[in-house]
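Asker: Sharing a structure with you now.
Each value in this text was obtained by applying a stated rule to the coordinates, not by laboratory testing. The structure presented is a predicted model; accordingly, all values stated were derived computationally and were not measured. All Cβ positions, even for glycine, are placed from backbone atoms using ideal geometry, and neighbour counts span all protein chains on display.
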Amino acid sequence: MFHTSVILPLRNNIEHTIDATLDGTAAPLLKGLLLGRKHQLPEDLTDAFSITGLTHILSVSGLHVGLLIFILWTLFSALRLPRAAVAGATFGVIVVYAFLTQLAPSVVRASIMGGLFLTGRLLDRQTDGLNMLGVAGLIILMLWPQAVFDLGCQLSFVATASIISVYPRLKELLPTRIGHSSVRWVSGIRDALLVSAAAQLGTAPIIASAFYQISIISPLANLFAGPLVFAATALGVLGVATGPISLAVADLFGASNGFILAGMVWVARFFAEIPFASLSVPAPSLFLGVLFYTVGIAVLWPPRDRKIRYGMGTAGLLVAVGGWVFWAQPAELRITVLDVGQGDAIFIATPNGRTMLIDGGLRTPDYDAGARVVLPFLRAHGYRRIDAVFLSHPHADHYGGMTALFDEIEVGEVITGGMTGDTPLFRAWETAFLHRKIRYRAALAGDRIGHGGEVDILVLHPSFEFMDTHGVEHANDASLTLRLTYGGFSMLFAGDVEEKGERALTAGYPALPTSIVKVPHHGSSTSSGISFIERFCPKAAVISVGAYNAFRHPARAVIERYGKAGAQVYRTDRSGAVTIRSDGKTFTIDEMLSGSSHSDWISPRRAFERICLTEIFRSPILRCAGLS
């Protein structure tokens, strides 16, 4: 009741005031700054904030609550109210603000700490930062145990703990002339840089695991953005507060804020364009994360006893060597059918380190599988080069996501079945790799594509005759069809071939028993005929398909046909990414959403949302907000 009668109208009123007093990029930027609603921001600007380590500005956090407490305390104190009234009014506004931001864990954490701080001021008692952080953590976990899996909550608590504990230590380690300068502007710059560095050091492993990049320029970018954030927040609060009373007055605040918000955009774009502003990194393992924090603690707070220092160093070395041995990956073939929704994207890593990608998923104005799924996967595993990119056929759900890869990943060559497209999206894809002078070639039935080692790829389809007769009219049926073999293991990749293409395949080859088939055309009823399945006789079949897709793929009859043939069926809409591993003799299949060991590539937040979405909406903290 409180949420629908108070919070929603208030939030709508705030957004209306912002839209009425600001235009262009400034309006959505201020919504992100005050309410954490950043979905209206241009994608390139969001990327710039991410590269420069300024994303926390757009995700309402403790920074915003702290600024709001300072602004409110100053305003209420200027009214000469009693201290108790100032503290009570400030905390009351903070509670409402927490509901306005949909009780984001970072805001709840900061609000609890703010309430404890205000209570301390009211009682003239000294407050301890780590104790307040601990109390906030206990309260949140009692109300919402799942918060431990929330990325925003993790970053909020770790960043705050780092600022409280690491910042003073970094200040102590600085040379005396810098660490204890009496010049106010020098000490201000020093403190701002150290606070940003402390937060970044503490959150680095979590950020690397979630976003697969670390911002190098972040402390410097935050130094310039910090004052602008403070000014924009203050003017934003004044603007939305005066809007319902006088839109003309709110316009004055909005006009001033427009220049400040433009400055924030300039800072983000300027620093994002600096070479090596951020580094792409693989997702660290749990072992590396623990090692990072252990070494950090040992370096910042070294024990005074020499024997203990030597003992810690020896133990750390043994743990590092043991961890490397334990986590070392055996030489094996790994094939991952990525969960890109309604489309295909299959990544192959051979035992000798060669990499290939078959198709790249869909790209629409609202969704880019390459940027959202394929690139994060590659970054998580530390891949910066793909030796060969295959395009099965020129349909957007197969090539659309590749354009994002050409911008970020080195590609050795592009291989297609010889077909082209005439859509603007296909021309953009073609221009993207031609502009980068990536080698291109067309492959036809009978060609062998070797990439060293024992892995061999044979092109089964289309033949020259088929292309001459049907290729242009039937893009699906002319899909580039590949059969990969590694010792006694084999897998078929048949794109979107349908009835005509399958007839050509079965007519051109004798029985080809295959370990696994990537089911053609997302399990459509127009594919996977009985003769096709009997010809390849797979032990397992993987369907790359989007959940609740408009085409109702996969067809029940197709699933039943594979089942009757003795094949175990896997679906990306239910299993998430499906990873096949083989030593050339046997193979194993891991499903990302089954809790397998190969779900580590995806961020904890995405995995948690996919698995436990129902549990989130059962949480008490959301029930209190009326959001269940």
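Asker: Highest mean first, what order results for 64-74, 44-54, 473-483 on Cβ atoms within 10 Å?
Answerer: Ranking the peptides 64-74, 44-54, 473-483 by packing returns 473-483, 44-54, 64-74.
Asker: I've got another one for you. What share of the DSSP beta bridges in the range 333-600 is antiparallel, in percent to the nearest 5? Each step should come with its number before you reach the end.
Answerer: Numbers: 33 of 56 bridges.
Restricted to the range 333-600, the bridges split so that about 60 percent are antiparallel.
Asker: So which lysines can LYS585 reach, going by Cα to Cα under 16 Å and dropping same-chain residues fewer than 8 places off?
Answerer: LYS539
Asker: As a check on your grasp of the helix formula, calculate [θ] at 222 nm for the chain: sum -39500 (n - 2.57) over DSSP H runs of n ≥ 4, divide by the residue count, round to the nearest 500.
Answerer: Only helices count here, giving -16500 deg cm²/dmol.
Asker: Would you please state the base-10 log of I(q)/I(0) at q = 0.08, 0.14, 0.15 1/Å for the range 333-600, with intensities from the Debye formula using one equal scatterer on every alpha carbon?
Answerer: -0.27, -0.92, -1.09
Asker: Fewest first, what order do LEU235, LEU173 take by the number of other Cβ atoms within 10 Å?
Answerer: Going from least to most buried by this count: LEU173, LEU235.
Asker: Sticking with this one: Counting Lys +1, Arg +1, Asp -1, Glu -1, what net charge surrounds HIS398 among other residues with beta carbon under 13 Å of its beta carbon?
Answerer: In short, -2.
Asker: What is the log10 of I(q)/I(0) for the range 101-171, computed with the Debye formula using one identical point scatterer on each Cα and no solvent, at q = 0.26, 0.27 Å⁻¹?
Answerer: Per q value, in the given order, log10 I(q)/I(0) is -1.18, -1.22.
Asker: Is the shape of the range 1-96 best called rounded, prolate or oblate, per the rule: a/c under 1.5 gives rounded, else a/b larger than b/c gives prolate, else oblate, with a ≥ b ≥ c the square roots of the Cα gyration tensor eigenvalues?
Answerer: Prolate, because a/c is 1.5 or more and a/b exceeds b/c.
Asker: Sticking with this structure for a sec: Note down the relative contact order for the chain as a percent, whole number, built from C-alpha pairs under 8 angstrom at least six residues apart.
Answerer: Relative contact order comes out at 11 percent.
Asker: Go through (i) 23.9, 72; (ii) 30.2, 118; (iii) 28.3, 92 and flag the label whose value is the computed Rg and Dmax of the Cα atoms in Å for this structure.
Answerer: Of the listed options (i) 23.9, 72; (ii) 30.2, 118; (iii) 28.3, 92, (iii) comes from this structure.
Asker: Along each of the three principal axes of the Cα atoms of the range 2-279, give the extent in whole Å, ordering the values from largest to smallest.
Answerer: Principal extents (Cα only, largest first): 52, 46, 44 Å.
Asker: How big is the charge dipole of the chain about its Cα centre, in debye rounded to the nearest 20, if each Lys and Arg gets +1 on its Cβ and each Asp and Glu gets -1 on its Cβ?
Answerer: Here the chain has a charge dipole of around 2220 debye.
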